[in-house]
Amino acid sequence: MSYGHEVNLNLGNSSIAHSNLGGMGPDTTAPQELLYRHAGTTSEGRQFDLKVSNISKYTPRKPDRNGLSGRFGIVNVDSSSFVRLRFMFVDSEYGEPLVMDQLYFSVFDIDEGQE
């Protein structure tokens, strides 16, 4: 499915369905991804999820910190490593991938390697 410019991405309204990015837990029996349920809505009012998965080696410092902090998503990465991530939007009801015509996405490194 493809959606135009009327897409509302708001992690502040989402929840974590499971957190097992790279198979590192804490939800070790779940698929190897971080799944934000109901991360946004399309212009037609359909809810969608955001799946985050690693496409390179993932080394977390504290994987139990992956998830949410207010309106921010969190991916915990050990400061001595790096990871390539895939962000995928899927329809919340059917799980079908969604294509966004345009999306603005910001990344912050708030702690800069501190505890």
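The values are calculated or read from the model by the stated rules, or taken from the named source; none is laboratory data. Please read all numbers here as calculations on a predicted model, not as lab measurements. Cβ coordinates were reconstructed from backbone atoms using ideal geometry, including for glycine residues, and neighbour counts include every protein chain displayed. SASA here: full protein model, heavy atoms, side chains in, ligands and nucleic acids out. Shrake-Rupley method; radii C 1.70, N 1.55, O 1.52, S 1.80 Å.
Here are some notes:
- All positions within segment 53-69 that are open to solvent by less than 90 Å² (accessible area, probe 1.4 Å) and over 14 Å from the mean Cα position of the chain (by Cα): Ser56, Tyr58, Thr59, Pro60, Lys62
- One residue stands out in segment 70-93 among those that are of a type outside the set (Lys, Arg), loosely packed, with under 11 Cβ neighbours inside 10 Å and out of contact with any Lys or Arg (no Cβ under 8 Å at 6 or more places or on another chain): the one that is farthest from Phe48 (Cα to Cα), namely Ser80.
- If you filter segment 13-46 down to residues that are touching a Gly at 6+ places or on another chain (Cβ under 7 Å) and open to solvent by 20 Å² or more (accessible area, probe 1.4 Å), you find that the one that is farthest from Val83 (Cα to Cα) is Ser43.
- When Arg71, Arg86 are screened for being closer than 28 Å to Gly45 by Cβ and touching a Ser or Thr at 6+ places or on another chain (Cβ under 7 Å), only Arg86 passes.
- Qualifying residue in segment 60-69 (condition: under 24 Å from Gly25 (Cβ atoms), out of contact with any strand residue (DSSP E or B) (no Cβ under 7 Å at 6 or more places or on another chain) and of a type in the set (Asp, Glu)): yes
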